[in-house]
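Student: Mind looking over this structure? Questions follow.
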Amino acid sequence: MLRLIDINKYYNPGTVNEICLFNGFNLDVDEGEFVSVVGSNGSGKTSMLNIICGSIPIDNGAIEINGTDITKMPEYKRQMRIGRVYQNPAMGTCPNMTILENMSLADNKGKAFNLRRGTDRKRVDGYKEALSKLGLGLEDKMDVTVGTLSGGQRQAVAMVMATMTPIEFLILDEHTAALDPKTAELIMELTEAIVKEKKLTTIMVTHNLRYAVEYGNRLLMMHQGDIVIDKSGDEKQALKVDSILDKFNEISIECGN
């Protein structure tokens, strides 16, 4: 279980530009949940992910994973337990390295650095098997540099890399936003397949309301650092895109937009 407990987060504290994003924010995510998160710009979606991953500190509160307090745990140590796929495919891969080198890098996450080769050729067949499940033919391009791949191919490689080693949570930070509609559909299908296969607890931030409704078993809508919709189970399955859009419009009118 992931728990965010009484989280407070201020930006630019003590200045005229001070902003309180989270004030006593709480969230529990149970093991095995696939949570879709929507909300307008500035609602706190990505900041919440950054707080979970340790990319930004909190002012007060606590963060727990399976009963362990990780509030003061540095970001690089949290990555042993959390896999993250970013909006920009370039952030999850090394463009000047080959697919094989990228896979080897992900495979060695958390392991000690020694005077040995960075690529273990004995593991190549395992890498190819993982890539073959994507159905993109990437298993036959192991020596191709990742920077020459399409955005969708790079995002698919990033998905495999993020989930290669045992993790407790998968964080998807608008991971289809930079892709064309057809490729985005493919990446969402791959996402669902990987999440189900590895039984990953997942939090996905997206601006695509259809994806939020169709994928996952829980949906959150955030606004100004608060959760204004929280639906799971049958209630989530009954949600329609129009009902989510109506809530967006209601919030927009309240904010004078």
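Student: Treating only the Cα positions of the stretch 168-257 as identical point scatterers, give the base-10 log of I(q)/I(0) from the Debye formula at each q in 0.14 Å⁻¹.
Tutor: Results for the stretch 168-257 at q = 0.14 Å⁻¹ read -0.55.
Student: Between N96 and S55, what FRET efficiency comes out of the Förster formula 1/(1 + (r/R0)^6) with R0 = 25 Å and r the beta carbon distance, rounded to 0.05? Intermediate results must be reported in sequence, preceding the final value.
Tutor: Values: r = 24 Å, r/R0 = 0.95.
The formula returns an efficiency of 0.60 here.
Student: Tell me the mean residue ellipticity at 222 nm calculated for the chain from its helices only (DSSP H runs of n ≥ 4, each -39500 (n - 2.57), averaged over every residue, nearest 500).
Tutor: -10000 deg cm²/dmol
Student: Pop out the ³J(HN,Hα) list for the stretch 89-101 in order, Karplus 6.51 cos²θ - 1.76 cosθ + 1.60 with θ = phi - 60°, rounded to Hz; leave Gly and Pro as x.
Tutor: x, 5, 7, x, 9, 9, x, 8, 10, 6, 4, 4, 5
Student: I've got another one for you. Rounded to the nearest 20 Debye, what is the dipole magnitude of the chain about its Cα centre when Lys and Arg each give +1 and Asp and Glu each give -1 at the C-beta?
Tutor: On the way: 29 positive and 35 negative charges, 224 e Å.
About 1080 debye.
Student: Along the charge dipole of the stretch 1-104, which of S36, G61, L49 sits closest to the positive end, that is, farthest toward it, with unit charges on the beta carbon of Lys, Arg, Asp and Glu (+1, +1, -1, -1)?
Tutor: L49
Student: Here's a follow-up. Post the alpha-carbon centroid distance, the stretch 186-257 to the stretch 1-60, in whole angstrom.
Tutor: Answer, in whole Å: 17.
Student: Between Q224 and A62, take the C-beta separation as r, use R0 = 30 Å, and let me know the FRET efficiency to the nearest 0.05.
Tutor: The computed FRET efficiency comes out at 0.85.
Student: What is the calculated FRET efficiency for K247 to A177, with r their C-beta to C-beta distance and R₀ = 30 Å, to the nearest 0.05?
Tutor: That pair, K247 with A177, gives E of 0.90.
Student: I've got another one for you. Toward the positive end of the charge dipole of the chain, about the Cα centre and with charges on Cβ (Lys, Arg +1; Asp, Glu -1), which of T98, S232, N23 goes farthest?
Tutor: Ranked along the dipole, the leading option is T98.
Student: Could you go through the stretch 213-219 in sequence order and give the Karplus-derived ³J(HN,Hα) for each residue, using 6.51 cos²θ - 1.76 cosθ + 1.60 with θ = phi - 60°, rounded to whole Hz, and x for Gly and Pro?
Tutor: Ordered by residue, 3J(HN,Hα) equals 6, 7, 10, x, 10, 8, 10 Hz.
Student: I need the peptides 139-152, 79-92 ranked by packing, meaning the mean over residues of other C-beta atoms within 10 angstrom, with the highest value on top.
Tutor: 79-92, 139-152
Student: Going by amide H atoms built from the backbone, whose H comes under 5 Å of the H on F22, apart from near neighbours?
Tutor: HN-HN under 5 Å from F22: K9.
Student: I need the Kirkwood Rh of the chain: take the reciprocal of the average 1/r across all distinct C-alpha pairs and report it in angstrom.
Tutor: Every distinct Cα pair counted, the radius reaches 19.4 Å.
Student: Residue by residue, what Karplus-based ³J(HN,Hα) values in Hz, rounded to whole numbers, does the stretch 167-175 have, using 6.51, -1.76 and 1.60 with θ = phi - 60° and x for Gly and Pro?
Tutor: Each residue's phi maps through the Karplus curve to give 10, 9, 9, 10, 10, 10, 9, 6, 6 Hz.
Student: Give me the percent of DSSP beta bridges within the chain that run antiparallel, rounded to the nearest 5.
Tutor: Approximately 55 percent, going by the DSSP bridge assignments.
No lab work stands behind these numbers, since they all come straight from the coordinates. Given the structure is predicted, the values throughout are model-derived calculations rather than measurements. No Cβ is skipped: glycine too gets one built from the backbone with ideal geometry, and neighbour counts run over all protein chains shown.
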